[in-house]
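Everything on this sheet refers to the single structure shown next.
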């Protein structure tokens with residue numbers, strides 16, 4: 001039996017197309033690393049200056065000059081390159097990174113993202129999140145459907161300071177896969193065993209659901 | 001600028017030239033590329049009221065974390081403090097002023113100073129909280145924010161190899177902000193594991209040409225061991 005997070009990661013891995021350049025945000029998205037098949041022609045970008053990260057194997061000695069942006073010791077795969085921070089962000093701002101996966105505190109029906117600051121509680125700085133969110137061609141948010149108190153994170157309108165506006169393409173939670181469309185959030189897949197009513201109940205934003213076309217995951 | 005034949009010097013002599021109140025760029029993203037030996041020498045040397053420019057605040061007890069904990073940092077210009085709880089506490093207690101920039105803008109502000117420009121135009125962050133206080137202009141129908149360049153009195157750099165003239169080679173993800181900062185400060189002090197003779201480094205592998213570098217000091221590899229995180233897999 002897969003945990004909720006394993007199910008989300010397995011689903012998220014299917015978003016990556018052979019041949020793409022991919023950035024993985026800190027937290028849950030970093031673990032997507034382990035769900036991408038070795039034989040795929042995919043280069044994982046990390047904003048500290050590497051394209052072609054690979055997770056270090058168990059027992060493989062760490063190289064202290066080789067980390068990802070989350071601070072974990074990594075290694076590189078064939079086809080990798082290393083570069084300075086200006087080049088790394090040029091890649092991001094020029095939309096040469098095809099897809100990025102990020103966590104979120106809040107998202108909303110317009111595709112706005114808040115994931116860097118909770119005023120008065122959490123303000124460690126924005127790091128590279130703003131440029132990734134604003135400029136990467138496709139942003140997939142990977143987050144829990146509700147916060148630890150059960151409050152919805154999928155909102156009609158974000159309340160927290162935004163990382164970037166109208167930047168999200170798709171949202172994957174343990175409960176649903178939702179696309180941001182001009183009409184609002186469209187549910188394309190719903191978790192196995194979950195009812196549409198229960199999904200709406202757990203969500204603040206209005207959801208567009210066509211049950212005849214709804215996939216399960 | 002220091003003459004080519006006078007760049008290789010003793011670490012304490014190089015650090016002693018930094019005055020109180022200096023603005024200092026510090027290379028590194030997390031531990032890789034952080035000039036730990038230069039920072040320890042700066043701590044021992046006693047300068048106060050420093051403004052530091054670094055991507056992050058290292059971690060508690062290492063790198064610039066030591067300077068922050070010793071109350072020597074008046075202001076920190078950075079992109080993220082997430083791995084240093086004591087730096088966040090110093091910020092929240094008002095003991096240290098912190099100015100945040102998105103990481104790529106921080107890099108570009110430094111790069112801009114390094115290439116001799118006064119600033120650049122960007123659309124990053126327009127309409128968000130970080131845009132408050134920024135000047136915006138319209139160019140051919142597009143709205144841009146003006147980001148001024150960011151200069152410093154001193155840059156402290158970590159390089160894998162150097163030669164006596166100050167040519168520098170970086171390694172892996174220890175590059176990060178180092179080559180940008182190496183061009184953006186009035187005085188550039190680079191620490192390195194090995195100082196070769198001019199001509200020993202393959203000329204097409206040099207990342208920072210010696211023209212930008214004031215001093216090179218040799219440090220022990222063990223000086224970087226303080227940044228090794230056993231918990232990071």
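Rule-based calculations on the coordinates, nothing more; no lab input. Just so it is clear, the structure is predicted and the values come from calculations on it, not from any experiment. Neighbour counts are summed over all protein chains in view; Cβ atoms, including those assigned to glycine, are modelled from backbone coordinates with ideal geometry.
Based on the alpha carbon coordinates of the protein assembly as shown, what radius of gyration and maximum Cα-Cα distance (Dmax) apply, in Å?
My reading of the Cα-based Rg and Dmax gives 22.9, 78 Å.
Using Cα springs under 10 Å in a Gaussian network model of chain B, which residue among B:77, B:53, B:99 shows the largest mean-square fluctuation?
B:99
Take peptides A:90-103, A:29-42, B:134-147 and line them up by average Cβ neighbours within 10 Å, highest first, as a rough protection proxy. Write out the running numbers ahead of the final one.
On the way: A:90-103: 19.7, A:29-42: 15.1, B:134-147: 11.5.
Ranked from most to least packed, the peptides come out as A:90-103, A:29-42, B:134-147.
Applying a 10 Å radius around every beta-carbon, put A:62-73, A:124-135, A:14-25 in order of their mean neighbour count, most first.
Numbers: A:62-73: 21.2, A:124-135: 25.4, A:14-25: 18.2.
In descending order of packing, they fall as A:124-135, A:62-73, A:14-25.
Efficiency by 1/(1 + (r/R0)^6): what FRET value for residue B:200 and residue A:77, r their Cβ-Cβ distance, R0 = 30 Å, to the nearest 0.05?
On the way: r = 31 Å, r/R0 = 1.04.
E between residue B:200 and residue A:77, to the nearest 0.05, is 0.45.
Counting helices only, and only those DSSP H runs with n ≥ 4, report the 222 nm mean residue ellipticity of chain A as the sum of -39,500 (n - 2.57) divided by its residues, in deg cm²/dmol to the nearest 500.
Value at 222 nm, helices only, nearest 500: -4000 deg cm²/dmol.
Write down the percent of antiparallel bridges among all DSSP beta bridges whose residues are both part of chain B, to the nearest 5. Could you put the intermediate results ahead of the total?
Details: 11 of 41 bridges.
Just about 25 percent of them are antiparallel.
Sorted from largest down, what three extents in whole angstroms do the Cα atoms of the range A:4-216 have along their principal axes?
50, 38, 31
Sort A:199, B:105, B:42 so that the residue with the fewest other Cβ atoms within 10 Å of its own Cβ comes first and the one with the most comes last. All intermediate terms of the calculation are to be shown ahead of the outcome.
Values: A:199 21, B:105 24, B:42 28.
In order of increasing Cβ crowding within 10 Å: A:199, B:105, B:42.
On average, how many beta carbons from a partner chain sit within 10 Å of the beta carbon of a residue in A:60-68?
Details: counts 1, 0, 5, 5, 12, 13, 5, 12, 3.
Other-chain Cβ atoms within 10 Å of each residue's Cβ, averaged: 6.
Rounded to the nearest 500 deg cm²/dmol, what is the calculated helix-only ellipticity per residue at 222 nm for chain B, with -39500 (n - 2.57) per DSSP H run of length n ≥ 4? Don't skip to the answer; put the middle values down first.
On the way: 6 runs with 46 residues, N = 233.
Value at 222 nm, helices only: -5000 deg cm²/dmol.
log10 I(q)/I(0), Debye, Cα-only the range B:131-223, no solvent, q = 0.15, 0.19, 0.25 Å⁻¹?
Evaluating at q = 0.15, 0.19, 0.25 Å⁻¹ gives log10 I(q)/I(0) of -0.61, -0.80, -1.24.
Would you give the gap between the C-alpha center of the range A:1-78 and the C-alpha center of the range A:191-216, rounded to a whole Å?
30
Per residue of A:146-158, what is the mean number of Cβ atoms on other protein chains within 10 angstrom of that residue's Cβ? Each step should come with its number before you reach the end.
On the way: counts 0, 0, 0, 0, 0, 0, 0, 0, 0, 0, 0, 0, 0.
For peptide A:146-158, the averaged partner shielding equals 0.
How far is the Cα center of the range B:104-150 from the Cα center of the range A:128-173, in Å?
That distance is 25 Å.
Once a ≥ b ≥ c are taken as the square roots of the eigenvalues of the Cα gyration tensor of the range B:100-178, is the result rounded (a/c under 1.5), prolate (a/b larger than b/c) or oblate (a/b not larger than b/c)?
Prolate.
Write down the percent of antiparallel bridges among all DSSP beta bridges whose residues are both part of chain A, to the nearest 5.
Details: 22 of 41 bridges.
Taking every DSSP beta bridge with both residues in chain A, the antiparallel ones total about 55 percent.
Give the angle, between 0 and 90 degrees and rounded to the nearest 10, that separates the Cα long axis of helix B:36-45 from the longest principal axis of the Cα atoms of chain B.
Roughly 90 degrees between the two axes.
How far is helix A:4-13 tilted off the main Cα axis of chain A, in degrees rounded to 10, range 0 to 90?
70
Taking the Cβ-Cβ separation of residue A:148 and residue B:70 as r and a Förster radius of 30 Å, what is the calculated FRET efficiency to the nearest 0.05?
E(calc), rounded to 0.05, equals 0.25.
Computed over the Cα atoms of the range B:181-233, what is the convex hull's projected area averaged over all directions, in nm²? Write down the numbers at each step before the final one.
Working: hull surface 21.6 nm².
Its Cα hull, projected and averaged over all orientations, spans 5.4 nm².
Assuming R0 = 51 Å, can you tell me the calculated FRET efficiency for the pair residue B:92 and residue A:166, based on Cβ-Cβ distance, to the nearest 0.05? Walk me through the numbers on the way to the answer.
Values: r = 32 Å, r/R0 = 0.63.
Between residue B:92 and residue A:166 the formula returns 0.95.
Distance in nm between label sites at residue A:181 and residue A:90, each 7 Å beyond Cα in the beta-carbon direction?
Those two pseudo-labels are separated by 4.0 nm.
Considering Cα pairs under 8 angstrom that are at least six residues apart, work out the relative contact order of the range A:1-110 and quote it in whole percent. Provide the component values of the computation, followed by the final result.
Working: 154 pairs, mean separation 32.2, N = 110.
With pairs under 8 Å counted, the relative contact order is 29 percent.
How high is the relative contact order of chain A, given as a whole-number percent (alpha carbon pairs under 8 Å, six or more residues apart)?
Values: 453 pairs, mean separation 37.2, N = 217.
About 17 percent, as a whole number.
Is the shape of chain B rounded, prolate or oblate, going by the alpha carbon gyration tensor and its root eigenvalues a ≥ b ≥ c, with a/c under 1.5 for rounded and a/b larger than b/c for prolate? Please report the intermediate quantities before stating the final value.
Numbers: a/c = 1.77, a/b = 1.26, b/c = 1.40.
Oblate is the answer for chain B, as a/c is 1.5 or above yet b/c matches or exceeds a/b.
By how many degrees, 0 to 90 and rounded to 10, does the Cα axis of helix B:103-114 deviate from the longest principal axis of chain B?
Helix B:103-114 sits at roughly 60 degrees to that axis.
Could you order peptides B:178-186, B:197-205 by the average number of other Cβ atoms within 10 Å of their residues, highest first?
Values: B:178-186: 25.7, B:197-205: 10.4.
Descending mean neighbour count gives B:178-186, B:197-205.
Return the average number of partner chain Cβ atoms within 10 angstrom of each residue Cβ along peptide A:132-138.
Details: counts 3, 2, 7, 3, 0, 0, 0.
Mean partner-chain Cβ count within 10 Å for A:132-138: 2.
Just want to confirm a number: the relative contact order over chain B, from Cα pairs under 8 angstrom separated by 6+ residues, in percent. List each step's numbers first, then the result.
Numbers: 522 pairs, mean separation 55.1, N = 233.
Taking the mean separation of contacting Cα pairs over the length of chain B, I get 24 percent.
Out of all DSSP beta bridges with both ends in the range B:111-205, state the antiparallel percent to the nearest 5.
Numbers: 10 of 20 bridges.
About 50 percent, rounded to the nearest 5.
With 10 angstrom as the radius, rank A:158, B:9 by how many other C-beta atoms surround their C-beta, starting from the fewest. Walk me through the numbers before you get to the answer.
Details: A:158 21, B:9 16.
Fewest-to-most Cβ neighbours within 10 Å comes out as B:9, A:158.
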